[in-house]
Amino acid sequence: MNDICIPSVKFIVVDDRSLIRRIVRQHLESRGIDLIDLVCDGQEALDLLKFSSPVLTAPPLTGASGLPPDDVDDSSSKYFNYKTSHTYCVITDFSMPNLNGLQLVKAIRCGETGIPRDTPIILLTGYSDEYIVSTALSLDVNAFVPKPVSHDVLWEKVECVLTTEVPVKEVSAYATVEIPDESGKVIEDKSDLANLEIVVDDQTLAYSWIPLDKVKSGTVLAGSLRNGRGDLLFRQGMVISEDILHKLMDIKRTRGFSGKIPITKSPKKG
């Protein structure tokens, strides 16, 4: 397969060993990738991704050949053979302090970050234990790369996950997945989405509580939505998109959320 040029995909490399982070970065940079964030553990990655927004995508291509539009200078390979619609790719280790790789994967698949739930995820691991592999598969990890990380193997997996669309399941399918530690013991789930808290910080706002099935795309959220751990899921003042509505409906179905959210009232005319 020809190298794919993916200038608009941001790679998040998560590993607690600086040597591994540097090696993976060098492998990616050797293929012309320069949008790379290096993160030392799962919790730092989660904090980074909570407020991430999709990076810009390349202009749409025309024709089955994948060639750039006529008005694009094709002397550069920037848009040539562009095959991915993804805006992020996460490459993460399993064994890390604070939050392991599978806990991070679960948070992404459950929509607890600012990146798409179907973001391709590659798991770096020196472990072959069945409980790790089976949990990773339950969370729809897209590919595995053994350590030590080989350039050719890593790039083969990157090409594969970025050119293959794998639909994700509903949040409920991932929310119940139990995450093991290195010994196989189940880690207590502290995400606690069951105890959602919605707080309207600005009491001067004119707002009303509306059932989710009555909320329309384009309305404005009047309160901040946090989980039981205190993590901010949705910020007050954000415009509610169709994607956010789907995420809220998933939470409502799986976590006992009442299903009403505060929406700012439209100013009266006249």
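Where a number appears in this text, it was derived from the coordinates with a stated rule and is not lab data. Everything numeric in this text was worked out from a predicted model, so none of it was measured. Cβ: placed from backbone, ideal geometry, glycine included. Neighbour counts: every protein chain shown.
Counting neighbouring beta carbons within 10 Å and listing from fewest to most, the residues S30, S172, S8 come out as S30, S172, S8. When H86, H246 are sorted by how many other C-beta atoms sit within 10 angstrom of their C-beta, beginning with the fewest, the order is H246, H86. The peptide list 197-206, 36-45, 108-117, put in order of mean Cβ contacts within 10 Å with the highest first, becomes 108-117, 36-45, 197-206. Annotation: for a label point projected 7 angstrom from Cα along Cα→Cβ of Q26, residues of the stretch 125-163 with backbone N closer than 12 Å are 149-151.
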